[in-house]
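The next block holds one structure in the form of structure tokens; read it before the comments.
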Amino acid sequence: MRKKYAAGNWKMNKTFEEGQILLSEVVNMVKDELTHPNVQVVLGVPFPYLSTFSKLIDTPKVALGAQNCHPKASGAYTGEVSVPMLKSVGVQYVIIGHSERREYFGESDAFIAEKTDAILAEGLTPIFCCGETLAQREAGIHFDFVKGQITNSLFHLDAGTLKKVVIAYEPIWAIGTGVTATSAQAQEMHKVLRDHLAGQYGSETAEEISILYGGSVSAANAQELFSQPDVDGGLVGGASLKSRDFTEISKSFPA
Ligand code: PGA
């Protein structure tokens, strides 16, 4: 059975003190309430908090995530953070290719491919984000565009390595807008992406890869989204900043 994920992406939110409170609340609620044996909670928090927060997490149900990394292990890259650095403070997951990084920081498919390799080389798990704009969807090129993002950044991997990647489909028009893709739209794209993976690697490999949906996931819509056969959880922005909402999302998987 594919692993299911409730992954929080805090983005650039919360002071250290606020973050400590939020993290502790989520950890305690998840420890007490999350009974599904196959659900992994991931908290993608700001860089400065990682070292302290890794010591506050005392359950394997919750893993620590970073929101970005640089592909080089070390060197003259002022302001950047490498994967060995992240690993050294207890990070297990790294979100890469988020549309905000692609759009505001000009990150290319090739650069994201380098990051993917760097993360996998250290034994960490990339959460690879992809997704189309509204204009691309309206033009009917959304399937090809998102398949292309996956091809360009992931298809250099061998099958055994690809299985270690988590994919997050996040339609840009649904991020932070309150407009969620319908569960049918999410399922449709996830199936297209899984078929695309199967075309390159075979269906056995494709069936093992967790594909998350992201874009205005909430405690109210998570159950419907997560009930779709190819939706293996969510990458959650706004609702991950509220401990009760995020915990409810982590409990929204079918038994
Ligand atoms: P949102 O963000 O849940 O606030 O729409 C999702 C994301 O950008 O990962």
Quiz item: Which pairs have Cβ atoms under 7 Å, sit 6 or more apart or on different chains, and link a residue in the stretch 205-225 that is at positive phi to one that is of a type in the set (A, V, I, L, M, F, W, C) and more than 10 Å from the ligand (Cβ to nearest atom)?
Solution: 215/181
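With the requirement that a residue be within 10 Å of the chain's Cα centre (by Cα) and aliphatic (A, V, I, L, M), what does the stretch 166-177 give you?
166, 167, 168
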Practice problem: Can you work out which of the residues in the stretch 217-255 that are among the polar types (S, T, N, Q) and closer than 12 Å to residue 183 by Cα is nearest to the ligand (Cβ to nearest atom)? | Solution: 221
Quiz item: Could you list, in sequence order, the residues of the stretch 151-162 that are touching a residue at least 24 places away in the same chain (Cβ under 8 Å) and either part of a helix (DSSP H, G or I) or surrounded by 16 or more Cβ atoms within 10 Å (Cβ to Cβ) (or both)?
Solution: 151, 152, 153, 154, 157, 159, 161, 162
Quiz item: Does residue 181 count as in a loop (DSSP other than H, G, I, E, B), surrounded by fewer than 21 Cβ atoms within 10 Å (Cβ to Cβ) and within 16 Å of the ligand (Cβ to nearest atom)?
Solution: no
Quiz item: Considering the stretch 26-60 alone, what residues qualify as being of a type outside the set (A, V, I, L, M, F, W, C) and farther than 30 Å from residue 230 by Cα?
Solution: 48, 49, 51, 52, 54, 55, 58
Exercise. For the stretch 118-150, name all the residues that are among the β-branched types (Val, Ile, Thr) and surrounded by 15 or more Cβ atoms within 10 Å (Cβ to Cβ).
Key: 119, 125, 127, 133, 146, 150
Quiz prompt | Residues within the stretch 1-17 that are within 16 Å of the ligand (Cβ to nearest atom) and outside any loop (DSSP other than H, G, I, E, B), tallied | solution = 5
Quiz prompt | residue 35 being part of a loop (DSSP other than H, G, I, E, B), modelled with pLDDT of 95 or more and under 21 Å from the mean Cα position of the chain (by Cα) | solution = no
Quiz prompt | Within the stretch 55-114, tally of residues that are in contact (Cβ under 8 Å) with a residue 40 or more places away in the chain, more than 16 Å from the ligand (Cβ to nearest atom) and not basic (Lys, Arg) | solution = 13
Practice problem: Starting from the stretch 14-38, keep only residues that are of a type in the set (S, T, N, Q), then list their pairs with residues that are at pLDDT below 95 whose Cβ atoms are within a distance under 7 Å, requiring at least 6 positions of separation or different chains. | Solution: 38/1
Quiz prompt | helices (runs of 4 or more DSSP H) lying entirely in the stretch 54-134 (those with 2 or more residues that are of a type in the set (A, V, I, L, M, F, W, C)) | solution = 83-88, 109-121
Exercise. Sort out which residues of the stretch 209-237 are over 14 Å from residue 6 (Cβ atoms), surrounded by fewer than 24 Cβ atoms within 10 Å (Cβ to Cβ) and among the small types (Gly, Ala, Ser), and write them in order of number.
Key: 216, 220, 227
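The values are calculated or read from the model by the stated rules, or taken from the named source; none is laboratory data. Predicted model, so just to flag it, every value in this text is computed and none were measured. Cβ coordinates were reconstructed from backbone atoms using ideal geometry, including for glycine residues, and neighbour counts include every protein chain displayed.
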